[in-house]
1. Under a crude label model (7 Å from the Cα following the beta-carbon direction), how far is R41 from R13 in nanometres?
2. Based on the alpha carbons, how large is the Rg to Rh ratio for the stretch 20-65 when Rh follows Kirkwood?
3. Give me the dipole magnitude in Debye, nearest 20, for the chain about the Cα centre, with unit charges on the beta carbon: positive for Lys and Arg, negative for Asp and Glu.
4. Name the residue from G54, H31, C67 whose Cα lies farthest towards the positive end of the charge dipole of the chain, charges +1 on Cβ of Lys and Arg and -1 on Cβ of Asp and Glu.
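FYI, it's all coordinate maths here, none of it is from the lab. Because the structure is a prediction, the values reported are computed rather than measured. For neighbour counting, all protein chains shown are included, and Cβ atoms are generated from backbone atoms with ideal geometry for every residue, glycine included.
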Amino acid sequence: MAQPTKCEECGGRMEEGFIPDSTYGAYLPSHWHRGPAEQSRIFGLPAGTKVDRGLMVPIRTFRCAACGLLRSYAKR
Ligand SMILES: [Zn+2]
């Protein structure tokens, strides 16, 4: 898997991390999902976004310690 060690913009050091999503008092790593986001409904009421867990891929994000550039990868 691609793992940048040097920033493509300034040549600074890239460090691995992730972008947390908050949910009901907890934090989870972000995922990429194929297709456009569609609203889910329960009894006709809005209930978040439809997701198929089989289509979700965890996102790894690298950040340049010097300029802050972010580069993300979503690969199984
Ligand atoms: Zn940089």
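1. 5.3
2. Radius of gyration relative to Kirkwood radius: 1.06.
3. Working: 11 positive and 7 negative charges, 43 e Å.
Once rounded to the nearest 20, the dipole reads 200 debye.
4. In the chain, that residue is G54.
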